[in-house]
1. Is one or more of the residues making up segment 2-15 among the acidic types (D, E), surrounded by 18 or more Cβ atoms within 10 Å (Cβ to Cβ), more than 15 Å from the chain's Cα centre (by Cα) and at pLDDT below 95?
2. Take segment 178-194 and flag every residue that is in contact with a Lys or Arg (Cβ under 7 Å, 6 or more places away or on another chain) and either surrounded by fewer than 21 Cβ atoms within 10 Å (Cβ to Cβ) or modelled with pLDDT of 80 or more (or both).
3. Tell me, please, whether a residue that is surrounded by 18 or more Cβ atoms within 10 Å (Cβ to Cβ) and touching a strand residue (DSSP E or B) at 6+ places or on another chain (Cβ under 8 Å) can be found in segment 76-86.
4. If a residue must be in contact (Cβ under 8 Å) with a residue 40 or more places away in the chain and over 19 Å from T131 (Cα atoms), how many such residues does segment 1-55 contain?
5. Looking at S33, S64 in this structure, which one is touching a helix residue (DSSP H, G or I) at 6+ places or on another chain (Cβ under 7 Å), hydroxyl-bearing (S, T, Y) and farther than 15 Å from L200 by Cβ?
6. Just to be sure I understand, how many residues within segment 120-144 are more than 15 Å from I201 (Cβ to Cβ) and without any contact (Cβ under 8 Å) to a residue 60 or more places away in the chain?
7. Those residues that are modelled with pLDDT of 95 or more and either in contact with a Phe, Trp or Tyr (Cβ under 8 Å, 6 or more places away or on another chain) or among the charged types (D, E, K, R) (or both), I need them from segment 123-138; list them, please.
8. Looking at segment 95-114, is at least one residue of a type outside the set (F, W, Y) and more than 22 Å from A2 (Cβ to Cβ)?
Amino acid sequence: MAIQLEQQDLKKIFILLAETFSREKDFLNDLDSKIGDGDHGLSMSRGFNAVQKTIEENPNFTISDMLIKSGLQFNEVTGSTIGILIFSAMRAAGLIIKEKETINLKDLKKMLQVSIEAIKKRGKALKGQKTILDSLIPALEYLEEQKNKTDESLMIKGTVKKAFEGAQSTKNLVSEIGRARWFKERSIGVMDPGAYSGYLILNVVGKYIIKCKSID
């Protein structure tokens, strides 16, 4: 059975994202305290809780609205660089599927692709510079390699696995972007909190699809 996500599915996914980042907040803050301000987890938790609240208050939001308009709230409540990056990604993803009432795996790949491009443009970052891109790009590369495959469950699981491996790989990288670049030597051996957040986002989406959309 092919993936088909509707408005209600996106609502549930954003609830799960808010719960996940509330739960992972302290761990992400701890990672960030070693190479930055120590508030990354707080920003992600505040951001996704604001997204959830905005969606609850606007039950008629389309899928595109959920991403664009709620992403704006993410940015407003965080007041941080990651807020701008996540909003840029959500806006790009929302625009690419504007007017669509359901989204499939092909749409999800496009959404990931334009999100990465938006983050690159806004953050002036590339893969290998110890950022969220180091989990998102390996995930997209894997998906692009699967274009002739038909088992969507395996593709989703493989995508999440690549994101996790990408996040783990940042332990071997030196921070080059943002405030973290001030802690270059200290950053070696520490996983980038942004990259781990990228993995968490894809993991939540992937687990929801496999568990709730019956593609196993």
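The values are calculated or read from the model by the stated rules, or taken from the named source; none is laboratory data. Small disclaimer: the values here were computed from a predicted structure and weren't measured. Ideal geometry is used to build each Cβ from the backbone, glycine not excepted, and the neighbour counts take in all protein chains shown.
1. Within segment 2-15, none of the residues are among the acidic types (D, E), surrounded by 18 or more Cβ atoms within 10 Å (Cβ to Cβ), more than 15 Å from the chain's Cα centre (by Cα) and at pLDDT below 95.
2. R186, G189, V190, M191, D192 - these are the residues of segment 178-194 that are in contact with a Lys or Arg (Cβ under 7 Å, 6 or more places away or on another chain) and either surrounded by fewer than 21 Cβ atoms within 10 Å (Cβ to Cβ) or modelled with pLDDT of 80 or more (or both).
3. Among the residues of segment 76-86, not one is surrounded by 18 or more Cβ atoms within 10 Å (Cβ to Cβ) and touching a strand residue (DSSP E or B) at 6+ places or on another chain (Cβ under 8 Å), which makes the answer no.
4. Total satisfying the criteria: 17.
5. Going through S33, S64 in turn, the sole match is S64.
6. 13
7. Passing the criteria: D134, S135.
8. yes
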